Number of protein chains: 4
Amino acid sequence: MEEIMIESLCRSDRKSHPNDTVISVGDVKIGGKDLTIIAGPCSVESEEQIIEIAKKIKKSGANILRGGAFKPRTSPYDFQGMAADGLELLNLAKKETGLPIISEIVGIRHLDLFSDVDILQVGARNMQNFELLKELGKIDKPILLKRGFSNNIREFLSCAEYIMNSGNENVILCERGIRTFEELTRNTLDLSAVALIREISHLPILVDPSHATGVSNLVLPMSLAGIASGANGIMVEVHNNPKQALSDGEQSITPEEFDTLVEKSKKIFQALK
Amino acid sequence: MEEIMIESLCRSDRKSHPNDTVISVGDVKIGGKDLTIIAGPCSVESEEQIIEIAKKIKKSGANILRGGAFKPRTSPYDFQGMAADGLELLNLAKKETGLPIISEIVGIRHLDLFSDVDILQVGARNMQNFELLKELGKIDKPILLKRGFSNNIREFLSCAEYIMNSGNENVILCERGIRTFEELTRNTLDLSAVALIREISHLPILVDPSHATGVSNLVLPMSLAGIASGANGIMVEVHNNPKQALSDGEQSITPEEFDTLVEKSKKIFQALK
Amino acid sequence: MEEIMIESLCRSDRKSHPNDTVISVGDVKIGGKDLTIIAGPCSVESEEQIIEIAKKIKKSGANILRGGAFKPRTSPYDFQGMAADGLELLNLAKKETGLPIISEIVGIRHLDLFSDVDILQVGARNMQNFELLKELGKIDKPILLKRGFSNNIREFLSCAEYIMNSGNENVILCERGIRTFEELTRNTLDLSAVALIREISHLPILVDPSHATGVSNLVLPMSLAGIASGANGIMVEVHNNPKQALSDGEQSITPEEFDTLVEKSKKIFQALK
Amino acid sequence: MEEIMIESLCRSDRKSHPNDTVISVGDVKIGGKDLTIIAGPCSVESEEQIIEIAKKIKKSGANILRGGAFKPRTSPYDFQGMAADGLELLNLAKKETGLPIISEIVGIRHLDLFSDVDILQVGARNMQNFELLKELGKIDKPILLKRGFSNNIREFLSCAEYIMNSGNENVILCERGIRTFEELTRNTLDLSAVALIREISHLPILVDPSHATGVSNLVLPMSLAGIASGANGIMVEVHNNPKQALSDGEQSITPEEFDTLVEKSKKIFQALK
């Protein structure tokens, strides 16, 4: 087969670094031969909520706990997240379960609040916020970079280059759906992007079927499809009470559904070997 | 989980027909519990070419042979296919191997030429050629309907309704990629459409990773991802000499690559059960 | 300024034909120094409706009457037009007012029914129905070719080439909006396509702000913008009772609004000289 | 005609503020009955360059001088602008010509450097950088907010709400093209967005045909079309030597072409009254 390349890359590309990058967060390995499963609620809402979810997903086999504290919302009048309080609760759940935690950072001035957060997430809307990327390049924590919903692969990897060029090579990519004309889903999970990025780049790439589809019924099949396309892992929204969720309830699955999802995901991952 | 529905459907929807439709073509079953593998060249080019490819894909485990004779091309100055001669050669390969055959029909006035063709294909550009759909609704051969590259699921299924409403219920759907802003692939295979259609409709749905991606390296991972998303089968382009192909050589895989693809596809299909 | 070209064109391009093509329909000239205004209802609904609208738009200054008889609708269960009866009523209005008429043809087998129709329209969904285009290339009536809603300019002009290559050089192009992510309009009128086509091609090009926007309030500003971008004319939907229209009422303007539109359109066209 | 509204707006909408907002910058008025013309190079490159262009565009009738000093580029390895030095040169040109100046701000920590800049621009990639918007809401300088290239009108106006909700009501909107499937232009200028925003919002809106099209030949027709669609003004790139420009030369027009553009723009604006 022929090699697929993007000329303008020089740090995220396989030519500069043929082997898969593997990023360690505590005992968890992201990239290479491992399957990473990140789960948790869209937003941290209360101590009871985050602790209960954390315990359940850990039992099901999740490796990392996710939970939003700073939520970039389309309208300034929508729920914006619990901010610093949300990060504290997330940290409580980390202590309780031992799971590493990931949360979205929206401005570098909040950096101090993220001292206990293991992986910093850059959301889709900030993918080309180059000033933020350059600042995150100066720290050494892993950065999970979500693809902008109308950006192509070259633009996506160029943003990874912004972080790496500033000194931080611990970049995890995440495909979270692109805008299309489909009315039945929020966005469209682009799995050929995953397969292509596995060829072009050595960085680990995850898929987020929850934000991509916005439909809870699709989270399972799109997780399996994502893994079959070559993703190093998945990031899914799990809520103990999806109908009462403060944000994105319609795309959240229950802990019971998550349990099945983990089992089937591992089976597909195994079948690929 | 909640039911996903499209109001305006009344023949292709699961409400009207809860069980999976299974379409038989000779011994081959499309839909339900079977995995269908269609393979062959983009265009029939010569007797040697089509016979050689047919034999090889049969040996690898393909169920149906594909080959284009009428090629709808963007420019009138591009190769338009071998027309009637191409269909004759395709029929020769059918006799030689026993494989059922599928080929694209672009106008109802060609119908007589397709008497030996087992499945008639409607291409993406003709998906909303309602006059053609209505005519194909009057015959009883299976119709493989490809999704238009910028049409949504409601429009896609509404076209199946045009055929079914005219009397032909043997409709096979095929997701073949949608237009997006990605520059590294021809189109983007939309696998959440597959997962959604499996919920909304009882009709079988296949994926075509060759036309979707336009990149031979991506055919394997996107076939596996398509199956994992719930597709009832795949349709892939195989050429004995991709670099010399008269059309779409860059997306064709070799018979050897196809052999691996069939093996891995079956493994993933098995793992889903 | 530099020349903009598309390599694969050889009949619709300015290199092969530097001067503007002017197409005559009775006394009306389309292309060159004239501004063409086509108006009428989306669908012919009754004798009273079409005659009343025809008289009013003529008085306001329209050059050509439009009216759909064969309507390609997304769902087979929607109103499909009055067919042959609709064309007869349209012809009555032509006799009554002297206005040339245009209507959409969806299959070549209907050609005989269109003997009194002055311009045959190919709709957006049939733009790449190459079999239809080739047949329309064998007659000598002007063909108004609408751009497919997700096709680019090269594909659009290549379809004009299909008609011209079969012998009919009387092709009028029509930009009618492309699919975008905007939720407040049906489609998005692409006026840089108009400006570009005026550079690349000698064929006349019109804009259809009614289908493009789907919003009656936008028909006036987008007509003016279309003319300012270089369009040779406009095609707008006018209905004597938009709220009761059988199709597309929400985008139709009243005869009174049309009167203002013609006046302002001429003013802008004049200001460009 | 019926009123078009977006429910979630409460500061940028016409219901809350029926009359056009007019923003004054020195003697220049943006919005209402005036036509605003902003011109200048993509990037400030040298003292000679910016002074020469400033003098020429002033003579032609421009109201405001633009010039980029901080350039958000897709790749970290592309020219990133002259930064603080660029702003100093821009300020020199302001002193020399008396023209107010506008330049893009990419991070709030640069705010002090912009003390002499009259209008702060937020670029398309930062449109949904909500942290930046909230900070810009705390100052009282006019903010020119460019639309993200795949954002719809509701999202665009919601970002204006972020700024206004933080206290700064001096928001100027700018349509700069959306991503589409067209290969001959960089983006597609969306003029129905302009017409719609004039109905929905009281804020002034400009169009940027240079970035939208990326093709210098299209700057004139799309400026005229933009004005005809209802824009309160235009922002165009003018370079004294487009072929040598450090960024975006292919879309820049010469001072002579700009001279014609201003004259024709005023004629169209006049014809609309």
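The values are calculated or read from the model by the stated rules, or taken from the named source; none is laboratory data. From a predicted model like this one, the values you see are computed outputs, not experimental measurements. Methodologically, a virtual Cβ is constructed for each residue, glycine included, from the backbone with ideal geometry; neighbour enumeration extends over all protein chains shown. Areas reflect the complete protein model, heavy atoms only, side chains present, ligands, DNA and RNA absent. Shrake-Rupley method; radii C 1.70, N 1.55, O 1.52, S 1.80 Å.
Taking loop as defined by DSSP and a crowding limit of 16 other beta carbons within 10 Å, which trypsin sites (Lys or Arg not before Pro) in region C:1-76 fit?
Sites meeting the loop and neighbour criteria: C:Lys15, C:Lys33, C:Arg73.
Could you give me the radius of gyration and the Dmax of region A:23-272, taking only the C-alpha atoms into account and expressing both in angstrom?
16.3, 47
Compute a Gaussian network model of chain B, connecting alpha carbons closer than 10 Å, and tell me which residue from B:Ala193, B:Ala160, B:Ala69 fluctuates the most.
Comparing B:Ala193, B:Ala160, B:Ala69 in the GNM, the peak value goes to B:Ala193.
Taking the Cα centre of the protein assembly as shown as the origin, how large is its charge dipole in debye, to the nearest 20, when only Lys and Arg (+1) and Asp and Glu (-1) carry charge on their Cβ atoms?
Dipole size: approximately 0 debye.
What number comes out for accessible area per residue over chain A if the probe is 1.4 Å? Units Å², please.
Averaged over the residues of chain A, the accessible area is 34 Å².
Under a GNM of chain A (C-alpha, springs under 10 Å), which listed residue has the highest mean-square fluctuation: A:Leu111, A:Leu35, A:Leu261?
A:Leu111
Once the whole set of protein chains is in place, how much accessible area is left on B:Cys174, using a 1.4 Å probe, in Å² to the nearest 10?
For B:Cys174, the solvent-accessible surface is approximately 0 Å².
Output ³J(HN,Hα) for region C:134-143: one whole-Hz value per residue in order, computed from phi by the Karplus curve 6.51 cos²θ - 1.76 cosθ + 1.60 with θ = phi - 60°, and x for Gly and Pro.
Along region C:134-143, the couplings run 5, 5, 5, x, 8, 9, 10, 6, x, 10 Hz.
If one computes the Cα centroid of region A:110-145 and of region A:237-273, what distance in Å separates the two points?
Taking the Cα centre of each part, region A:110-145 and region A:237-273 sit 26 Å apart.
Which chymotrypsin sites (Phe, Trp or Tyr not before Pro) from region B:1-104 combine a DSSP loop assignment with at most 15 other Cβ atoms within 10 Å?
Answer in residue order: B:Tyr77, B:Phe79.
Could you pull out the GluC sites (Glu not before Pro) across region D:1-106 that fall in loop regions by DSSP (anything but H, G, I, E, B) with no more than 16 other Cβ atoms inside 10 Å?
Listed in order of number, the matching sites are D:Glu2, D:Glu3, D:Glu7.
Using a Förster distance of 51 angstrom, determine the FRET efficiency expected from the C-beta separation of A:Asp112 and B:Glu250, and round it to 0.05.
With a Förster radius of 51 Å, E is 0.50.
For chain A, set up a GNM with springs between Cα atoms under 10 Å and report which of A:Ile197, A:Ile64, A:Ile23 has the largest fluctuation.
A:Ile23
Calculate for chain D the 222 nm mean residue ellipticity that helices alone would give, adding -39,500 (n - 2.57) per DSSP H run of length 4 or more and normalising by residue count, nearest 500 deg cm²/dmol.
So the calculated ellipticity at 222 nm is -10500 deg cm²/dmol.
Using the Karplus curve 6.51 cos²θ - 1.76 cosθ + 1.60 with θ = phi - 60°, work out ³J(HN,Hα) for each residue of region D:108-124 in order, rounded to whole Hz, and write x for Gly and Pro.
5, 5, 8, 3, 4, 5, 9, 4, 8, 7, 7, 10, 9, 9, 9, x, 4
With the solvent-accessible surface defined on protein heavy atoms using a 1.4 Å probe, which residues belonging to region D:111-130 display a reduction of at least 50 Å² in accessible area in the multichain context relative to the isolated chain?
D:Arg125, D:Gln128, D:Phe130
About its Cα centre, what dipole magnitude does chain B give when the only charges are +1 on Lys and Arg Cβ and -1 on Asp and Glu Cβ, stated in debye to the nearest 20?
So the magnitude is around 380 debye.
Starting from the amide H of C:Gly40, placed 1.01 Å from N in the peptide plane, find each other amide H under 5 Å away whose residue is 5 or more places distant or on another chain.
C:Arg66, C:Val236, C:Val238
Among B:Val219, B:Gln270, B:Pro41, whose Cα projects farthest towards the positive end of the dipole of chain B, with charges put on the beta-carbon of Lys, Arg (+1) and Asp, Glu (-1)?
Among B:Val219, B:Gln270, B:Pro41, the one farthest towards the positive end of the dipole of chain B is B:Gln270.
Past 27 Å, Cα to Cα, is the threshold; run D:Lys29/D:Lys273; A:Lys56/B:Lys266; A:Lys94/B:Lys264; B:Lys29/B:Lys55 against it and keep the listed order.
Going by Cα-Cα distance, A:Lys56/B:Lys266; A:Lys94/B:Lys264 fall outside the 27 Å limit.
Among C:Thr254, C:Gly233, C:Leu132, whose Cα sits farthest toward the positive end of the charge dipole of region C:131-273 (+1 at Cβ of Lys/Arg, -1 at Cβ of Asp/Glu, about the Cα centre)?
Value computed over the given set: C:Gly233.
What is the distance, in nm, between label points placed 7 Å from the Cα along the Cα-to-Cβ direction at C:Asp78 and at A:Asp20?
4.7 nm
Amide H neighbours of D:Ile178 under 5 Å, counting only residues 5+ apart in sequence or on other chains, H built in-plane at 1.01 Å?
Residues meeting the amide H criterion: D:Thr188, D:Leu189, D:Asp190.
Within region C:117-138, find all residues whose amide N lies under 11 Å from a label point positioned 7 Å from the Cα of B:Ser8 along Cα-to-beta-carbon.
No residue passes the distance filter.
Where both residues lie in the protein assembly as shown, what percent of DSSP beta bridges are antiparallel, nearest 5?
About 15 percent, rounded to the nearest 5.
Which of rounded, prolate or oblate describes the protein assembly as shown when judged by the alpha-carbon gyration tensor and an a/c cut-off of 1.5?
oblate
Roughly speaking, to the nearest percent, how much of chain A's 1.4 Å accessible area is carbon and sulfur?
Carbon with sulfur: 46 percent of the solvent-accessible area.
Please list, in chain and number order, the residues 5+ apart from A:Ile172 or on another chain whose amide H is under 5 Å from its amide H, with Hs placed from the backbone.
A:Ile143, A:Leu144, A:Leu145
For region D:160-173, take each phi angle, set θ = phi - 60°, evaluate the Karplus expression 6.51 cos²θ - 1.76 cosθ + 1.60, and give the result in whole Hz per residue in order, putting x for glycine and proline.
Here the 3J(HN,Hα) series is 4, 4, 4, 5, 5, 5, 8, x, 10, 8, 8, 10, 10, 8 Hz.
Ignoring ligands, DNA and RNA, how much accessible area is buried between chains B and C, both sides summed, with a 1.4 Å probe, to the nearest 100 Å²?
Between B and C, the summed buried area is about 2700 Å².
If you place +1 on the Cβ of every Lys and Arg, -1 on the Cβ of every Asp and Glu, and leave all else neutral, what size is the dipole of region A:56-192 about its Cα centre, to the nearest 20 Debye?
Here region A:56-192 has a charge dipole of around 300 debye.
Please compute, for peptide C:260-270, the average count of beta-carbon atoms on other protein chains lying within 10 Å of each residue's beta-carbon.
Partner Cβ neighbours, averaged per residue: 2.
Is region C:1-95 best put as rounded, prolate or oblate by its Cα gyration tensor, with a ≥ b ≥ c the root eigenvalues, rounded for a/c under 1.5, and otherwise prolate when a/b is larger than b/c, oblate when not?
Since a/c reaches 1.5 but b/c is at least a/b, the shape of region C:1-95 is classed as oblate.
With the crude spin-label approximation of a point 7 Å out along Cα→Cβ, what separation in nm comes out for B:Asp140 versus A:Asp34?
The answer from the label model is 6.0 nm.
Could you tell me which of rounded, prolate or oblate describes region B:77-225, using a ≥ b ≥ c as the square roots of the eigenvalues of the alpha-carbon gyration tensor, with rounded for a/c under 1.5 and, failing that, prolate when a/b is larger than b/c and oblate otherwise?
oblate
Nearest 5 is fine: what % of DSSP beta bridges in region C:23-272 come out antiparallel, could you say?
Here the share of antiparallel DSSP bridges comes out near 15 percent.
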